[in-house]
Amino acid sequence: MTDTAGPDDVARLLEFLHGRDAPCPLCGYNLRDLTRPECPECHHELLLTVGITRPNFLWFLLAVIPCAFAGIAASLLLIPMTLQTVMGGGLPPPPLFALDALGWLSAAGGLVLVRHRFAFLRQSPKRQRILATAVWAANVLALLAFLGVMASL
Ligand SMILES: [Zn+2]
């Protein structure tokens, strides 16, 4: 099995456009009765393929959002930690370093999710929901730990 269409496949895929309106994805030119995989208007080569119409990104986005916010929070937390150190207030307490590291770890997890987004999207909706819920649970626990540490300082 090949990943791309061969010449016979291209001919069969072009038959789909015989007598059927379809816009060029780049310029919008009507590709009705197209005879070769190139737009007659903008002259871009066309990829004839089978695709999905609407991938569902809901659970993926819900999984990435807390990671992004944790990364932003970890970055912002570095400002007072650095200022305290530079202004002679000494090093911040170790739990603050640990929590900042958790924020960076979550951000790194978010980057891994983005990098492997298609693997995530191939999962069943139920599994995507479970993964997104697990990411949220981990981030909420880290936030509660952060608030607990901040209250104890
Ligand atoms: Zn075109």
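The values are calculated or read from the model by the stated rules, or taken from the named source; none is laboratory data. All of these numbers come straight from a predicted model, not from anything done at the bench. Because the Cβ atoms are built from the backbone with ideal geometry, glycine has one as well, and the counts that use them run over all protein chains shown. The accessibility values were calculated without ligands, DNA or RNA, using every heavy atom of the protein model including side chains. Shrake-Rupley method; radii C 1.70, N 1.55, O 1.52, S 1.80 Å.
Under the rule a/c < 1.5 gives rounded, and otherwise a/b versus b/c splits prolate from oblate, where does the range 34-146 land using the Cα gyration tensor?
oblate
Taking amide hydrogens as modeled 1.01 Å from N in the peptide plane, which residues meet the under 5 Å criterion relative to Leu31, leaving out close sequence neighbours?
Close amide H contacts, sequence-distant or interchain: Ala22, Cys24.
Might you work out the accessible area of Arg20 for me, using a 1.4 Å probe with all protein chains in place, and round it to the nearest 10 Å²?
Approximately 110 Å² for this residue.
Rounded to whole Hz and in sequence order, give me ³J(HN,Hα) for the range 36-53 from the Karplus expression 6.51 cos²θ - 1.76 cosθ + 1.60, θ = phi - 60°, writing x for Gly and Pro.
8, x, 8, 5, x, 8, 9, 6, 7, 5, 9, 9, 8, 7, 9, x, 9, 7
Just subtract the alpha-carbon distance of Leu78 and Ile65 from 0.36 nm times their residue separation and send over the number in nm, one decimal.
Between Leu78 and Ile65, full extension yields 2.7 nm more.
At 24 angstrom or more along the helix axis (alpha-carbon based) and mean Kyte-Doolittle of 0.5 or higher, what helices does the chain contain? Whole DSSP H runs only.
Long hydrophobic helices here: 58-86, 94-115, 125-152.
Do any cysteines in the chain lack another Cys Cβ under 4.7 Å, and if so which?
Among the cysteines of the chain, those whose Cβ sits 4.7 Å or more from every other are Cys67.
Select from Leu76, Pro55, Gly148 the residue farthest towards the positive end of the dipole of the chain; place +1 on Cβ of Lys and Arg, -1 on Cβ of Asp and Glu, and compute about the Cα centre.
Value computed over the given set: Gly148.
Taking the Cα centre of the range 1-51 as the origin, how large is its charge dipole in debye, to the nearest 20, when only Lys and Arg (+1) and Asp and Glu (-1) carry charge on their Cβ atoms?
Around 120 debye, computed over the range 1-51.
What does the C-alpha gyration tensor say about the overall shape of the range 21-97? Classify as rounded when a/c is under 1.5, otherwise prolate if a/b is larger than b/c, or oblate.
prolate
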